[in-house]
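Undergrad: Here you go, one structure.
The values are calculated or read from the model by the stated rules, or taken from the named source; none is laboratory data. Here the structure is a predicted model, which means the values were calculated and not measured. Backbone-built Cβ (ideal geometry, glycine too); neighbour counts: all protein chains shown. Just so you know, the surface numbers come from the protein's heavy atoms only, side chains and all, with ligands and any DNA or RNA stripped out. Shrake-Rupley method; radii C 1.70, N 1.55, O 1.52, S 1.80 Å.
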Amino acid sequence: QLQASGGGLVQAGGSLRLSCAASGRSFSSYAAAWFRQAPGKEREFVASITWSSTSADYAGSVKDRFTISRDNAKNTVYLQLNSLKPEDTAAYYCAASIRAARAPSRSGAWYDYWGQGTQVTVSS
């Protein structure tokens, strides 16, 4: 029900925009987040956003470089990736939670729906 897209190969310093489109139900009242997982590493939190876009949270490693946003009319969440670094290389996953919260959790266990992942590869 969540379809992530927009990944690709980009040089260091470049940009990408990831999209996460929901289908089958409206996710406009759900909190949403992006996680990533590099080969041989654990999944890590990247960014989250409340259903109303009033609050966003970022991992320290991506703050000021990545921006999460959403368009509830399109049932889609975005992640803008700027100033990409080789260490940003990973599979990126979107997630959504039915829980309403002022501050969505950074824990993957808090989320109920997951997309299939889109690969981001940053070359040096």
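Undergrad: Can you say whether Asp64 is surrounded by 17 or more Cβ atoms within 10 Å (Cβ to Cβ), out of contact with any Pro (no Cβ under 6 Å at 6 or more places or on another chain) and either without any contact (Cβ under 8 Å) to a residue 12 or more places away in the chain or part of a strand (DSSP E or B) (or both), as far as the supplied structure shows?
TA: no
Undergrad: Can you tell me which residue in segment 95-124 is farthest from the chain's Cα centre (by Cα), limited to those that are within 24 Å of Ala12 (Cβ to Cβ) and modelled with pLDDT of 95 or more?
TA: Among those that are within 24 Å of Ala12 (Cβ to Cβ) and modelled with pLDDT of 95 or more, it is Ser123.
Undergrad: Quick test of your reading of the structure: Arg99 fulfils all but one of (1) farther than 17 Å from Ser26 by Cβ; (2) part of a loop (DSSP other than H, G, I, E, B). Name the failing condition by number.
TA: Failing condition for Arg99: (1).
Undergrad: Pick out the one residue from Val46, Val77 that is under 24 Å from Leu9 (Cα atoms) and touching a Cys at 6+ places or on another chain (Cβ under 9 Å).
TA: On the way: Val46 fails: touching a Cys at 6+ places or on another chain (Cβ under 9 Å).
After applying the criteria, what remains is Val77.
Undergrad: Find the residue count for segment 67-90, including only residues that are surrounded by 15 or more Cβ atoms within 10 Å (Cβ to Cβ), more than 25 Å from Ser124 (Cα to Cα) and hydrophobic (A, V, I, L, M, F, W, C).
TA: Matching residues across segment 67-90 total 1.
Undergrad: Now for a separate question. Regarding segment 102-118, can at least one residue be identified that is within 15 Å of Cys20 (Cα to Cα), of a type in the set (Lys, Arg) and either open to solvent by 50 Å² or more (accessible area, probe 1.4 Å) or not in a loop (DSSP other than H, G, I, E, B) (or both)?
TA: No: zero hits.
Undergrad: If Ser124 satisfies every condition in (1) surrounded by 13 or more Cβ atoms within 10 Å (Cβ to Cβ); (2) in contact (Cβ under 8 Å) with a residue 40 or more places away in the chain but one, which is the exception?
TA: That leaves (1) as the condition not met.
Undergrad: Ala56: among the hydrophobic types (A, V, I, L, M, F, W, C) and over 22 Å from Ser105 (Cβ atoms), yes or no?
TA: No; evaluated as a whole, the condition is false for this residue.
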